[in-house]
Every structure is written in C-alpha cells, then in structure tokens.
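Input: a single structure, listed below in structure tokens.
The values are calculated or read from the model by the stated rules, or taken from the named source; none is laboratory data. A quick note: this is a predicted structure, and the numbers were derived from the prediction, not measured. Reconstructed Cβ throughout: ideal geometry from the backbone, glycine too, with neighbour counts over all protein chains shown. Note: areas computed on protein heavy atoms with side chains; ligands, DNA, RNA excluded. Shrake-Rupley method; radii C 1.70, N 1.55, O 1.52, S 1.80 Å.
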Amino acid sequence: MEKKQWVLLKDTRKVTDNSVEGLHRLCHYFRGCATSSEQTLLELNGFGSAMGKHGVRDGILIQRLFAEFAEDLHPDFIDYRHFVRVMSSVNEEPIEDRLELLFEVYDLDNSDTLDFSEMMAILTV
C-alpha cells in the first residue's frame, strides 16, 4: 500500500471507530447512500455523507480519502467494498472477525454465499 494511503488511514483512525463493529456500521451507512442494494460505487457526496455519520467531519480529509481510493476506471466514484477492505487490513482485531465482515461486505445479495460475480469483485481489486 502506498505511504499516502497509510497516512490517510492513520488520520482517519484518530476521528472514527475502525473496530470491526465500527466498520459494520460504516458499511450500513455506505449502503444507505447507495442507489440500490447491489450498488457499491459512491460519488463524493454519498461517500462524504456516510463518513460524516461515521464521525469524520473534516471535509478535506474526506476529499483526500475519496481521491486516493477512487477507482482508476471511474475516478468520480469510490467502491466502498474496497475502502472497507483496506480499512479492515489496518484493524488489529482477530482475522476471523475481519474476514466475517468482508464476507458480508462482498455478499451483496445476502445469500450467505459468494457467487461468481461477487468473487470476481474480490479477485480483481
């Protein structure tokens, strides 16, 4: 991971709950800002709204996070699954708890399984 991303994540941890439980809440906020239950790409306004509910009130930090994690193919969007995956990688809770969180993040249809398209979303990041 680039040094810039680590610095941003470190700054974010100062103002928000990055525990597994906190990341579950953040996913809930992200899903509330998405246009549909299977939509995972958010524009800056939706990302900023979710991050604000999660405790990040610094607009400059939100813009920097968005710019750093925006999709190369879609620079006006951020895939919240990727963002949560990176956030969970700097979490120090047991790996089992973090994997459970990530499974839920990528299981968009809530089927308790990952289908081919859901697996491809993980593998192609």
### Summary
Filtering GluC sites (Glu not before Pro) in region 32-87 by DSSP loop and by at most 16 other Cβ atoms within 10 Å leaves Glu38, Glu43, Glu71
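How large is the helix-only mean residue ellipticity at 222 nm for the chain, computed as the sum of -39500 (n - 2.57) over DSSP H runs with n ≥ 4, divided by its residue count, in deg cm²/dmol to the nearest 500?
Details: 7 runs with 76 residues, N = 125.
Counting only the DSSP helices, I get -18500 deg cm²/dmol.
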### Orientation-averaged projected area, Cα convex hull of region 64-125 (nm²)
4.8
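Probe radius 1.4 Å, ligands and nucleic acids ignored: give me the carbon and sulfur share of the accessible area of the chain as a rounded percent. It would help to have the intermediate numbers written out before the result.
Numbers: 3800 of 7300 Å².
Ligands and nucleic acids excluded, carbon and sulfur reach 52 percent.
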## Note on the structure
Between the modelled labels at His28 and Ile60 (7 Å from Cα along Cα→Cβ) the distance in nm is 3.2
### Summary
Out of Thr40, Thr113, Thr16, a Gaussian network model of the chain with alpha-carbon springs under 10 Å gives the largest mean-square fluctuation to Thr113
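Write down the accessible area per residue of the chain in Å², having rolled a 1.4 Å probe over the full set of protein chains.
58
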#### Entry: Label-point separation, Asp107 to Leu73 (7 Å along Cα→Cβ), nm
2.5
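Please compute the contact order of region 7-56 in relative form: average sequence separation of alpha-carbon pairs under 8 Å and at least six residues apart, divided by the residue count, as a percent. Spell out each step's value before the answer.
Details: 33 pairs, mean separation 21.5, N = 50.
This gives 43 percent for region 7-56.
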### Query
Given the Cα-Cα distance of Glu38 and Ser117 and 0.36 nm per residue of separation, how much length would full extension add, in nm?
27.3 nm
### Message
Using the Cα centre of the chain as origin and beta-carbon charges of +1 (Lys, Arg) and -1 (Asp, Glu), tell me which of Ser117, Asn45, Val7 is placed farthest towards the positive end of the dipole.
### Response
Val7
## Note on the structure
Across Leu73, Leu61, Leu108, the residue with the highest GNM fluctuation in the chain (Cα network, 10 Å cutoff) is Leu73
